[in-house]
Amino acid sequence: MDGNVRSSLDSSAGPPPYSRGNEGSLVSALKTLLFFTILMVTLPIGLYFASKAFIFEGSLKMSSSDSYFYAAIVAVLAVHVVLALFVYVAWNEGTPKGKGKHD
């Protein structure tokens, strides 16, 4: 009888079999979050300075105060685009790739 108890304890000692699938989805979610975090920091700041220097002051010859204003609008629009992309990717992350197609 001790052999039966011991074998049932050994089989239940390991992690449940569904934990590997959760680890993969957790890693995928963290990679997605890290990607969009980096994008959220770099894209608006980069677009702000690039549009201010090259587009508004360089090509359009605007004054410095006007170029600050329009470059800030470009940066705010970039933030909204990154947020919308993040919501779209996060919404579709758990769905199977061929779910919506009916043959």
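Between residue 45 and residue 22, what is 0.36 nm times their sequence separation minus the Cα-Cα distance? Round to one decimal in nm. Write down the numbers at each step before the final one.
Values: separation 23, 0.36 × 23 = 8.28 nm, distance 3.48 nm.
Difference between extended and current length: 4.8 nm.
3J(HN,Hα) along the stretch 77-90, derived from phi through the Karplus expression 6.51 cos²θ - 1.76 cosθ + 1.60 where θ = phi - 60°, amounts to 5, 5, 4, 5, 5, 5, 5, 5, 5, 5, 5, 4, 5, 5 Hz, with x in place of Gly and Pro.
Given a Förster radius of 22 Å and the C-beta distance between residue 54 and residue 80 as r, what FRET efficiency does 1/(1 + (r/R0)^6) yield to the nearest 0.05? Write out the running numbers ahead of the final one.
Values: r = 22 Å, r/R0 = 0.98.
In this case the efficiency is close to 0.55.
For the stretch 20-97, applying the loop criterion from DSSP together with a ceiling of 15 other beta carbons within 10 Å to the GluC sites (Glu not before Pro) yields 93. Amide H to amide H, with H built 1.01 Å from N, residue 62 comes under 5 Å of 57, counting only residues 5 or more places away or on other chains.
In this rough spin-label picture, where each label sits 7 Å from Cα along the Cβ direction, the residue 33-residue 69 distance is 4.0 nm. In sequence order, the stretch 36-50 has phi-based couplings of 6, 5, 5, 5, 5, 7, 7, 5, x, 5, x, 5, 4, 6, 5 Hz under the Karplus curve 6.51 cos²θ - 1.76 cosθ + 1.60, θ = phi - 60°, and Gly or Pro positions carry x.
Bear in mind that the values in this text are calculations on the coordinates, not laboratory data. Quick caveat: nothing in here was measured; it's all calculated off a predicted structure. In this analysis, Cβ positions are derived from the backbone assuming ideal geometry, glycine residues included, and neighbour counts consider all displayed protein chains.
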